[in-house]
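See below for the structure under consideration.
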Amino acid sequence: QVRALGDFEGALTWHQQALELVIARYSPTHPATAPVMINIGNVHLAAGRLKEAVEWYEKAQAVLLENYGPDSLELADVRSNLGATLLRQGKLEESEPLLRKALATVTARMGEDSNARLALLNNLAILLRYTGKTDEAADLLQAALRISRSVYGDTNEQVANALINLGDVQLARRDFEGSVKSYEEAI
């Protein structure tokens, strides 16, 4: 709640204390440290400190990989955070494999229709639009639309988010009519 109120330093203090307690009780590489590391990364992300967020997500990734292996949902979650943050930094080549691995894991473990795929589908589609792979981006966004409509209904912000991203892809493809339609539906 401290982070939600905009007190990033206060939130970091609480999370750092929690991390120290977990490390003292268990070890620096115990799986219980990873969620706290992710929370620290999330605070840095919310504060706009992307470099620090990446550093904490990478620490959590190492712990989760060591404890749960490469195909765990826990690792997919932090890969999603890390990939999205690298995407925001414009580090597309670093971001893409993380987002693809996370999406593959979530799909394999949760299924094609899982709403746990939504952020990954949208983030990977954004990345693919930037790299000119607009056909694949459009396919991912159609999947995001199908899932979000099925899970949340037609008027949810998840649907609008996918429609905005689809409009951006259509615009990049010079499909002006399609992009206007997607943007209008998002509104």
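The values are calculated or read from the model by the stated rules, or taken from the named source; none is laboratory data. As the structure is a prediction and not an experimental result, all values here were calculated from the model. Here the Cβ positions follow ideal geometry from the backbone for every residue, glycine too, while neighbour counts run over all protein chains shown. Remember, those area values only see protein heavy atoms, side chains included, never the ligands or the DNA or RNA. Shrake-Rupley method; radii C 1.70, N 1.55, O 1.52, S 1.80 Å.
Data overview
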read-out: Segment 81-145: projected area of the alpha-carbon convex hull, averaged over directions, in nm²; value: 3.8 nm²
read-out: Value of [θ]222 nm, deg cm²/dmol, for the chain, DSSP H segments ≥ 4, -39500 (n - 2.57) each, nearest 500; value: -25500 deg cm²/dmol
read-out: Dipole magnitude of segment 135-187, debye to nearest 20 (Cβ charges: Lys/Arg +1, Asp/Glu -1, about Cα centre); value: 60 debye
read-out: Relative packing of 48-58, 79-89, which averages over residues the other C-beta atoms within 10 Å, highest first; value: 79-89, 48-58
read-out: Protection-proxy order for peptides 70-77, 154-161, 178-185, each taking the mean of Cβ atoms within 10 Å per residue, highest first; value: 70-77, 178-185, 154-161
read-out: All-pairs Cα distance distribution in segment 123-182, expressed in whole percent, bin size 5 Å; value: 4, 24, 30, 24, 14, 5, 0
read-out: Convex hull volume per residue for the chain, taking Cα atoms only, in Å³; value: 121 Å³
read-out: Inter-site label distance for Q142 and Q16 at 7 Å from Cα along Cβ, in nm; value: 5.0 nm
read-out: Magnitude of the charge dipole, segment 42-103, Cβ model with Lys/Arg +1 and Asp/Glu -1, debye to 20; value: 220 debye
read-out: Surface accessible to a 1.4 Å probe, per residue, for the residues of the chain, Å²; value: 53 Å²
read-out: Segment 123-187-segment 37-86 distance, computed between alpha-carbon centres (Å); value: 26 Å
read-out: Bins of 10 Å, starting at 0 and running to the largest distance - Cα pair percent for segment 22-91; value: 24, 52, 23, 2
read-out: Using a Förster distance of 30 Å, the FRET efficiency for D7-D71 (Cβ separation, nearest 0.05); value: 0.20
read-out: Spin-label pair A32/T155, simplified geometry with 7 Å Cα→Cβ offset, distance in nm; value: 4.6 nm
